[in-house]
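Comments concern the structure below.
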There are 2 protein chains.
Amino acid sequence: MSTTFARTPSGTELAAGTLPDRIVPPAPEHDGAVESLSAWGFQDTAFEVLPNRSVRMTGSRYDLSGPELPAIVPWVEEQIGIEIDPAQVNLPSYPPAIPEPRTHDAFLAEVAGLLPAEAITSDAEVRLRHGHGHTQEEMYAIRYRGTIARVPDLVVFPTSQEHVEQLVELAARHGVVLVPYGGGTNVSGALRVPAGEERMVVVVSLARMNRILWIDPTNRMACIEAGAVGRDIVAQLAGYGYTMGHEPDSIELSTLGGWIATHASGMKKNRYGNIEDIVLELTAVTPHGVLSQASTPPRESIGVDSRRWMFGSEGTLGIVTQAVVKLFPLPQVQEYDAVIFPDFEHGMAFMYDMQRANAAPASLRLMDNVQFQLGQTLKPVSEGGLGAMMSSFEKYFVTKVKGFEVNSMAACTLVYEGTKEEVAAQKRVAKRLAKRHKGLGGGSSNGERGYQLTFAIAYLRDFVMQYDILAESFETSVPWSQASDLCANVKRRLTEEHAKRGLPGNPFISCRVTQVYETGVCIYFYFAISYKGVERPSEVYTELEHIARDEILRSGGSLSHHHGIGKHRQEFLPRVVSEGTLASVSAVKRALDPNDVFGIGNLHAAQTVEG
Amino acid sequence: MSTTFARTPSGTELAAGTLPDRIVPPAPEHDGAVESLSAWGFQDTAFEVLPNRSVRMTGSRYDLSGPELPAIVPWVEEQIGIEIDPAQVNLPSYPPAIPEPRTHDAFLAEVAGLLPAEAITSDAEVRLRHGHGHTQEEMYAIRYRGTIARVPDLVVFPTSQEHVEQLVELAARHGVVLVPYGGGTNVSGALRVPAGEERMVVVVSLARMNRILWIDPTNRMACIEAGAVGRDIVAQLAGYGYTMGHEPDSIELSTLGGWIATHASGMKKNRYGNIEDIVLELTAVTPHGVLSQASTPPRESIGVDSRRWMFGSEGTLGIVTQAVVKLFPLPQVQEYDAVIFPDFEHGMAFMYDMQRANAAPASLRLMDNVQFQLGQTLKPVSEGGLGAMMSSFEKYFVTKVKGFEVNSMAACTLVYEGTKEEVAAQKRVAKRLAKRHKGLGGGSSNGERGYQLTFAIAYLRDFVMQYDILAESFETSVPWSQASDLCANVKRRLTEEHAKRGLPGNPFISCRVTQVYETGVCIYFYFAISYKGVERPSEVYTELEHIARDEILRSGGSLSHHHGIGKHRQEFLPRVVSEGTLASVSAVKRALDPNDVFGIGNLHAAQTVEG
């Protein structure tokens, strides 16, 4: 059982309080990875088209890195209906021109007394990077617009709670705007400085507040600074036999503080919970004071819990500086699997029954047919349509013997984590239910590949942008009964609207069910259009994405499952919550931050929104 | 599997949206049970001492009802060290004198236009009952004080969302105080009208907003009005094969709205979650508007979530009118079990390992030796010390063969709920771990008896009050490593303080671990003193309870696991949360309720506190 990993105190020890001490790990060692400033991910990794029209992922970071991938370009051409000429690369014009920083001498003088010079920068590219996340709008803008009208004026790197408290005090006193910054991976426009903001805007990067302050093995808790990056947390905790279990798609780059501020969800939430389940306690600095508490009980009822206000606060109320999180022992067993279904609906019914049987493994995801095909094209050696998930024999069996249609099949990937017994029990149920819904085993290596592809696929968007394709993902959550309809409605509506606008080629629309809950699911959409010859392509894309959101809301979906509101989904808030809710959120914002120190303008709390 | 109870739609149905409709159940039929006004529980049930010094529970409501219980009186006398004379009953002087109601003519005129006359009352006993919960302070006061200085001035019974909205609007306009009322079972003084409140105080009872509005079997959700009482919710949902799984000790009397307002915890939270896990969405009326939303996704990230503010709001921010909750199928299997340990510490180690093995059944509780003995005395036929949990043979085996000490043994009760496979897996682990920690099987009937005793034991407090014994329970939550120390510290401290005051007899102190979490436990204390000849006994008791709380906080425990703050624990809030937290909660209160319509004075949000 799990006690393999953590020492279990005996009854005597529990009685006497003579328990193992807290572990204080060393500061994380930097792994040498350098983030790209102009595209998603790390500098050592990018997709490129070779003269033979094969695609290759540079570097050696991912399973996908290295070999030629001959099937992508033809498949994308077929999907989008537009020819891709590898020679015609629309190279980014990064970096764009940005304005000179606004300055506030009195504030700067005090900051200079608080932080060392090397922890304060007005470097242009640093300011630019700290003023955007990863929406297509923002990435298109920094790569192709040539100029950005408003970016942060300064970036500072505090190293302590005291630094942050003093920065907030200084900002309030001098009328300066503060923007907390974690990994800069949001897809909500949350870091974009409102165009009308006349005050000096200072980004507070938590990058140097990235330590695991302590690990308590007996109670399975760790206190971690908010700037700690997901991949470092994973690596460090694993060294002691633990995980906090939170694995968002952005885990390589995003931070604990960012997870809290965006109300994040991890791919393995079935086993470990979402961020609000994992975080037991947090410390935050607001203009109204520091939110913190004296101890970390497992659960309590002490009134309206102000710590919970920071979940989903998106930088509008203050800065999360550290949090106490649950720890879980590294799983005794980790297994991957895949199941192929004749169509998406059979896959959905399987997912539903798995949830109903309380047998959902750590991760349970369903790819629609288009995404299933995408997975196949990312296979080193071309085997035609079904290569990635199956060998030639399997392909023959599935399509000829079982009669599955290549153009309707869907695939489910499963990640099991737990004790031998737990995993065995879940696998038994999965096997029985897969059979009930005409599923065929897709094999563990395909399951692992499907799961790991998440990280590599994230590089595709900025790659295809160079070939006049704008792509983006967006998500929602919806009750089970409305899920399939919602998917169909969004696909239909986007196809219609794409045609109505006379845009080139065909729209690429695909979806994936990424999370299951008792009452519903999270659905991810992947939507891409060719923008060859299209004017203001980014605006056109955003308009279509907002139409998709309209259709999602009409179909009973949420405004966001875990991406959040930021500025990108702000206009829809009044459709999903009552007037009283909006008024209350605004009232709370005004009460806690009367001078709008945290004036980044996200949520409805915004007093200024981008014009 | 669970699909026995709920129809599983096929893939085709999920795709086509042709799903079972929502079920609209009829209004709950009243079960005829009448609540006692002057004591805990129902009028048909009370403990009484017979001339032969046996105790009997009247009525036929509980397993315990009917037979003579000869062992209680001698055992209590031994524990407390004070002789009990059945003839010397300190009969309550209920009802106490209460003041004439304050009136506000303009408000009353408008209320008369809104509600029918029979839904508005200033009846003295009704007003009295709606102005207190079940702390010993409040129950002692209404039973023995003879007079209560301040009670609510009016009680109204709205039947619709519109009624509640208009009541809030009227109250705000006329400067009247509103107090939401559910089951009146709180143990935090939350319903006590602040002594200094000069305004008219109107209690808004949700008793007539008690319907299940709809059941959605496909998505396993139900929308329930906030005034629905636990026992009715259980009965009605069971008729459709469901449960919402929330079983607080007060479930016979408490309501959905009360559970939300107090941030309640249920005995079976290991399987179903606490109230914040079960409630997906709620509607609340605040002076700043109605908090509600358009749909019920399984989980979302849409900014600071104002609906969550109502959890633990204790009547200070508004009135919860309805909520959407998760449903679970009635378990395929329900089994009870008990394990006896040589001492509390062995039991704690067992509980710890059960949690670490992810094998905690729906309910897993540990009684200390005193509570174990109490359970034995509540056995119809006297068999001496060990009767209740064991037959004579078992007793012989446990004490003579296994060498357990009668005065140190502890007992764990387990309630398994789930599918056959789930329960079987948990039982296998429990068996193995019980053996590791020297546990002996206590039998399923003793397990069931231990669990069901919860409801009957609640009647003891008001019973012993008639024999000059003041008793009360209070709870905390604490990390595993501090749990045993905390229990020992509280027992030691109370014993010392009891002696220091020269109070009669011995203090009765017992504890029980009622909830397990990954990082810690919930601990309940039962503390009783004889007040024979003691002046102002209720105040003395409260002083001791607060000393216990001081010791709990010193020992790393929380201010409350699920009882909440109310007024009873208000003075301790500044010790457990930061100044900034208190300031922020107050700022939010002022922002959302600037006129203090919800002026009941709980939490730190209070603008007035009882003098």
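The values are calculated or read from the model by the stated rules, or taken from the named source; none is laboratory data. If you're wondering where the values come from, they're calculated on a predicted model, not measured in any experiment. Backbone-built Cβ (ideal geometry, glycine too); neighbour counts: all protein chains shown. Only protein heavy atoms, including side chains, enter the accessible area calculation; ligands, DNA and RNA are left aside. Shrake-Rupley method; radii C 1.70, N 1.55, O 1.52, S 1.80 Å.
Filter the stretch A:355-377 down to residues that are part of a helix (DSSP H, G or I) and farther than 30 Å from A:Leu64 by Cα and give me whichever is most open to solvent (accessible area, probe 1.4 Å). Of everything passing the filter in the stretch A:355-377, A:Gln355 is most open to solvent (accessible area, probe 1.4 Å).
All conditions in (1) under 16 Å from A:Val304 (Cβ atoms); (2) more than 7 Å from chain A (Cβ to nearest Cβ); (3) modelled with pLDDT of 95 or more hold for B:Arg536, with the sole exception of (1). Counting only residues that are free of Cβ contacts under 8 Å to residues at least 60 places away in the same chain and facing chain A (nearest Cβ under 9 Å), the stretch B:470-494 holds 2 of them.
Taking the stretch B:292-324 only, how many residues are aliphatic (A, V, I, L, M) and within 26 Å of the chain's Cα centre (by Cα)? Looking only at that region, the number is 6. Taking the listed residues B:Glu497, B:Glu543, the one that is more than 25 Å from the chain's Cα centre (by Cα) and away from chain A (no Cβ under 14 Å) is B:Glu497, with no other qualifying. Of everything in the stretch B:448-458 that is of a type in the set (A, V, I, L, M) and not in a loop (DSSP other than H, G, I, E, B), the residue that is most open to solvent (accessible area, probe 1.4 Å) is B:Ile457.
Filtering the stretch A:251-261 to residues that are surrounded by 24 or more Cβ atoms within 10 Å (Cβ to Cβ) and either away from chain B (no Cβ under 12 Å) or among the small types (Gly, Ala, Ser) (or both) leaves A:Thr255, A:Leu256, A:Gly257, A:Gly258, A:Ala261.
Restricting attention to the stretch A:470-512, the residues being among the charged types (D, E, K, R), open to solvent by 30 Å² or more (accessible area, probe 1.4 Å) and out of contact with any strand residue (DSSP E or B) (no Cβ under 8 Å at 6 or more places or on another chain) number 6. Check the stretch A:48-69 and report whether any residue there is among the acidic types (Asp, Glu), in a loop (DSSP other than H, G, I, E, B) and closer than 21 Å to A:Tyr467 by Cα. For the stretch A:48-69, residues among the acidic types (Asp, Glu), in a loop (DSSP other than H, G, I, E, B) and closer than 21 Å to A:Tyr467 by Cα: absent.
Checking each residue in the stretch B:568-607 for being at the interface with another protein chain (Cβ under 7 Å from one of its Cβ atoms), more than 15 Å from A:Ser292 (Cβ to Cβ) and not in a loop (DSSP other than H, G, I, E, B) picks out B:Ala587, B:Val588, B:Arg590, B:Ala591, B:Leu592. Scanning the stretch A:38-47 for residues that are in a loop (DSSP other than H, G, I, E, B) and either among the aromatic types (Phe, Trp, Tyr) or loosely packed, with under 14 Cβ neighbours inside 10 Å (or both) yields a single hit, A:Trp40.
Within the stretch B:316-345, the residues that satisfy the criterion of being outside any strand (DSSP E or B) and within 13 Å of chain A (Cβ to nearest Cβ) are B:Thr316, B:Leu317, B:Gly318, B:Leu327, B:Pro331, B:Gln332, B:Pro342, B:Asp343, B:Phe344, B:Glu345.
For the stretch A:152-169, indicate whether the set of residues that are among the hydroxyl-bearing types (Ser, Thr, Tyr) and part of a helix (DSSP H, G or I) is non-empty.
No; the residues of the stretch A:152-169 include none that is among the hydroxyl-bearing types (Ser, Thr, Tyr) and part of a helix (DSSP H, G or I).
Taking the criterion of being within 14 Å of chain B (Cβ to nearest Cβ) and within 30 Å of B:Met354 (Cβ to Cβ), no residue of the stretch A:398-415 qualifies. Looking across the stretch A:299-315, the residues that are more than 7 Å from chain B (Cβ to nearest Cβ) and in a helix (DSSP H, G or I) come down to A:Arg307, A:Met310. Note on the stretch A:211-255: residues that are in contact with a Leu (Cβ under 9 Å, 6 or more places away or on another chain) and closer than 21 Å to A:Ser313 by Cα amount to 10. From the list B:Val576, B:Val588, the lone residue that is in contact with a helix residue (DSSP H, G or I) (Cβ under 9 Å, 6 or more places away or on another chain), touching a residue at least 60 places away in the same chain (Cβ under 8 Å) and open to solvent by less than 20 Å² (accessible area, probe 1.4 Å) is B:Val588.
So for the stretch B:128-146 (the condition being assigned to a loop (DSSP other than H, G, I, E, B), touching a helix residue (DSSP H, G or I) at 6+ places or on another chain (Cβ under 6 Å) and at pLDDT below 95), does at least one residue qualify? No.
State whether the residues of the stretch B:262-279 include one that is within 14 Å of chain A (Cβ to nearest Cβ), within 27 Å of B:Tyr517 (Cα to Cα), polar (S, T, N, Q) and open to solvent by less than 20 Å² (accessible area, probe 1.4 Å). Scanning the stretch B:262-279 turns up at least one residue that is within 14 Å of chain A (Cβ to nearest Cβ), within 27 Å of B:Tyr517 (Cα to Cα), polar (S, T, N, Q) and open to solvent by less than 20 Å² (accessible area, probe 1.4 Å). Of the residues examined, B:Met390 is not one that is buried (at least 19 other Cβ atoms within 10 Å of the Cβ), modelled with pLDDT of 90 or more and within 30 Å of B:Leu460 (Cβ to Cβ).
Residues in the stretch A:423-440 that are touching a residue at least 40 places away in the same chain (Cβ under 8 Å), among the hydrophobic types (A, V, I, L, M, F, W, C) and within 11 Å of chain B (Cβ to nearest Cβ): A:Ala425, A:Val429, A:Leu433.
Is it true that A:Tyr181 is within 30 Å of A:Leu559 (Cα to Cα), modelled with pLDDT of 95 or more, surrounded by fewer than 23 Cβ atoms within 10 Å (Cβ to Cβ) and not hydrophobic (A, V, I, L, M, F, W, C)? No.
A:Met348: in contact with a Gly (Cβ under 9 Å, 6 or more places away or on another chain), among the aliphatic types (A, V, I, L, M), within 30 Å of A:Phe527 (Cβ to Cβ) and at the interface with chain B (Cβ under 8 Å from one of its Cβ atoms), yes or no?
So A:Met348 fits the description; yes.
It is to be established whether one or more residues within the stretch A:546-557 are crowded, with 23+ Cβ neighbours inside 10 Å and within 9 Å of chain B (Cβ to nearest Cβ). For the stretch A:546-557, residues crowded, with 23+ Cβ neighbours inside 10 Å and within 9 Å of chain B (Cβ to nearest Cβ): present. Checking each residue in the stretch B:513-543 for being hydrophobic (A, V, I, L, M, F, W, C), surrounded by fewer than 20 Cβ atoms within 10 Å (Cβ to Cβ) and under 17 Å from B:His568 (Cβ atoms) picks out only B:Val540.
For the stretch A:280-294, give me the residue count where each residue is within 7 Å of chain B (Cβ to nearest Cβ), open to solvent by 10 Å² or more (accessible area, probe 1.4 Å) and not hydrophobic (A, V, I, L, M, F, W, C).
Within the stretch A:280-294, residues that are within 7 Å of chain B (Cβ to nearest Cβ), open to solvent by 10 Å² or more (accessible area, probe 1.4 Å) and not hydrophobic (A, V, I, L, M, F, W, C) number 4.
I'd like to know if the stretch A:88-98 contains one or more residues that are modelled with pLDDT under 95, over 30 Å from B:Phe350 (Cα atoms), open to solvent by 80 Å² or more (accessible area, probe 1.4 Å) and in a loop (DSSP other than H, G, I, E, B). Looking for residues that are modelled with pLDDT under 95, over 30 Å from B:Phe350 (Cα atoms), open to solvent by 80 Å² or more (accessible area, probe 1.4 Å) and in a loop (DSSP other than H, G, I, E, B), one finds at least one in the stretch A:88-98, hence yes.
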